Amino acid sequence: MAAIAQFRGIKFAQLLYSGDILLDLSDYNDRNWFRNLTVREKLFYLTLESAINIYQI
């Protein structure tokens, strides 16, 4: 997608967020993944703000 955006002259930003640690499956800790929406929402908006500032959209 980044290559296509560059080819077309379109601004492009991407966020990849991972929230699992699968080191020890017998002692898995979900870290309140389903109940901790505000942290993920804040991460999204910080990333969006960063993309806007970088590209000055």
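Computed from Cα positions, the angle between helix 37-55 and the longest principal axis of the chain comes to roughly 20 degrees.
In the chain, the calculated helix contribution to ellipticity at 222 nm averages -14500 deg cm²/dmol per residue, counting -39,500 (n - 2.57) for every DSSP H run with n ≥ 4.
Only the coordinates and a few stated rules stand behind these numbers; no lab work does. All figures in this text were calculated on a predicted structure; none of them were measured in a lab.
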